[in-house]
Each structure stands twice: as structure tokens, then as C-alpha cells.
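One structure below.
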Amino acid sequence: MRHLLKLGDLTTEEITDILNLADQLKYEQKNGASRPLLKGKTLGLIFQKASTRTRVSFEVGMVQLGGYPLFLSASDLQIGRGEPVQDTARVLSRYLNGIMIRTFAQREVEDLAAYGSIPIINGLTDYAHPCQVLADLMTIREYKSTLRGLKFCYIGDGNNVANSLAVGCVKMGLDVHMACPKDFRPDADIVKWASAQDNFTLTTDVMAAAEGADVLYTDVWASMGQEGEAAGRKVAFKGYQVNKAVMKAAKPDAIVQHCLPAHRGEEITDDVFEAHATELFDEAENRMHAQKAVLVKLMG
Ligand code: CP
Ligand code: NVA
């Protein structure tokens, strides 16, 4: 593994290795025994979109590993004034040991990897959010002790997070059910690949997807960059909500996951959110542990 651009590039074994290392690094950190596995290494963090979890978890994770993170706001870089990503990749490769980038087009992340000579990590594009889903798989495994055979239900927009969930959860053997409105399905290539596996179902029926689920997952109706569509999406996504009725259809011990930030009253109700806050914030915490594992694998 040379980069983390999307989960489709990883084998089931590679994902399992990352999750195992993440568990170990979490255990070490909780016991005050973090090892400086990236001593002296530098990671650039390029952000073209806002972030709370990704930025802070990568920065703190790097420090815990003995490395040095550099926050690089795209509006302050020459990239924001039109310097091509191909040139930025070659320049930054001369200074840094790795780059995490959050941007719009997946193509930009792929170009960074193609032109640079250091590991590139996708910190969210319009197409994928692999770091998020590694943390989600880690959290689900923590709560359920296994992944294979669990019924995983996603309700809502077939966006970047849904794309990565479809790939990651199918690869790890969960029984994946996604309920998305007809016009808001995951990307066509993802649906094509996942539908060819025997553990993926795409539906518009929220209750059918939730029936007997072990895990319920949702994400915002309007992602970053779609603010202008928010009003129309509120109409299109009506009913695509994790609420009491959906929880009742799921298993009594079902856990709730959300990449966050959440819009209470839209994709999830306040009562369900608060009843499952422990799982949701364990999931947010696990971003750091899972990403530390990725950093060690790529830069260690
Ligand atoms: N889930 C996630 O990536 O959160 P941020 O946008 O806060 O980084
Ligand atoms: N789908 C959301 C995820 C945020 C972490 C977005 O792209 O805004």
C-alpha cells in the first residue's frame, strides 16, 4: 500500500491489518505507551473544505507518533491561486514525508499521487472518505466483536461517505443494505461493483433496510459544496431519517453511527442521537487511532 486514495484500492487483508494496528495503537495510547513510530517525519495537511475531526485527529495523531503536522489551508497556498496540483505535488514531495488532502475532485487526489513521490492520503473528496470508514469499521468491530455477517444499514444520501461505506463494508463481509432516494444513489461505478457482490442491496425502502439491522448509519442530506441545494434536498430526503421508528425495526442492541457533523431533525432525530452519543463519539475518537495506523503503514 503506497497511498490511501480510496478503499477500492485496498484488499480485505490490508483493511484488516490497518484495523488491527489501530486497535493496538489505541491500546498503547490509552496506557500512556505511545511509540514514536514516525519520529522526525512531517505530514502536510491541505484543506479546501472545513474540518473539525479530520484536522485535529491527524494533527494530534502525528504528534503522538513523534512526527510533525503542517496545516496548509488551500486559500493560503499557491494552489488557491491556480498553481497546478501536479506542480504542488512535486514541490511538496521535496519537503514532506506525506500529504493528507481534503478537496472536491477525486482527480486532484489521484494527480497528487501520480506526480508526487510521497504517500498521499484522501481526507475526503466528493467521491470518497476512506479515513472515515476505516474508523467506522474499527468502531463497529469494537462494539460487535466481529464484522462478517452483521447487517449494516445506511439511510440517506449516496454521497462520499456512502460510497466508501459500500466498498469498505462489502469488502469486510457485512451484509450491506442502503436506502437512498432514487436520484441520490451512490456513484454508478460503486453501485455496479457492489451489486456484483452477494452482500449488497440498494433500495428506496428505509424500513426494509433497517429491519433487523446491527448497525444504522446516516450522513447529512447536503454535503459540503451542496449548500445551494439544501432546500431541495430537504424535500427529496423526507423520510430518510434515523428516528425511533427506524430504531424499533432494527435489533434491540443496534448501534448508531454518523460521520458527523450531524443535522439533528434532518437525517437523525435528537433523541436517537443523544441515546447513542457514546457510540457516535467513540467513532469520532477512532478517527485518530485508525489514521495513526494508516500513517504508520504508509510512512513508518
Ligand atoms: N467526519 C469528518 O470528516 O469530520 P470533519 O469534517 O470535522 O473533519
Ligand atoms: N458527506 C459529508 C461528510 C462530512 C464529513 C460532506 O461531504 O460534507
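We did not get these values from a lab; they are worked out from the coordinates using the rules stated. On a predicted model such as this, the values are computed, not experimentally measured, just so you know. No Cβ is skipped: glycine too gets one built from the backbone with ideal geometry, and neighbour counts run over all protein chains shown.
So the values come out like this:
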item: About the Cα centre, charge dipole magnitude for the chain (Lys/Arg +1, Asp/Glu -1 at Cβ), debye; result: 620 debye
item: Lys/Arg +1, Asp/Glu -1 at C-beta; the chain dipole; positive extreme among L4, V167, S223; result: L4
item: Paramagnetic label zone (point 7 Å from Cα along Cα-to-C-beta, K238; backbone N under 20 Å) in the stretch 261-300; result: 263-270
item: Global geometry of the stretch 184-299, whether rounded, prolate or oblate, following the gyration tensor of its Cα atoms and the 1.5 cut on a/c; result: rounded
item: Assigned charges on the beta-carbon of Lys, Arg, Asp, Glu; the stretch 165-300 dipole about Cα centre (debye); result: 260 debye
item: Alpha-carbon gyration tensor eigenvalues x 5, square-rooted, for the stretch 39-96, Å; result: 21, 15, 6
item: On Cα atoms only, tilt of 12-30 relative to the major axis of the chain in degrees; result: 80 degrees
item: Residue-averaged 222 nm ellipticity for the chain, from DSSP H runs of 4+ at -39500 (n - 2.57), nearest 500; result: -13000 deg cm²/dmol
item: Using distinct alpha-carbon pairs, which all enter the 1/r mean, Kirkwood radius of the stretch 74-196 in Å; result: 16.0 Å
item: Which listed pairs, of K6/K41; K6/K238; K151/K192; K30/K248, have C-alpha distances above 32 Å, in listed order; result: K30/K248
item: Length-normalised contact order for the stretch 18-81 - Cα pairs under 8 Å, 6+ apart - percent; result: 36 percent
item: Rounded to whole Hz, the Karplus (6.51, -1.76, 1.60) HN-Hα couplings of the stretch 209-215, x for glycine and proline; result: 5, 7, 3, x, 6, 8, 9
item: Using a Förster distance of 22 Å, the FRET efficiency for Q197-Q24 (Cβ separation, nearest 0.05); result: 0.15
item: Relative counts (whole %) of C-alpha pair distances in the chain, using bins that are 10 Å wide; result: 6, 29, 35, 22, 7, 0
item: Proximal charge balance of E227 [Cβ under 13 Å; K/R count +1, D/E count -1]; result: +2
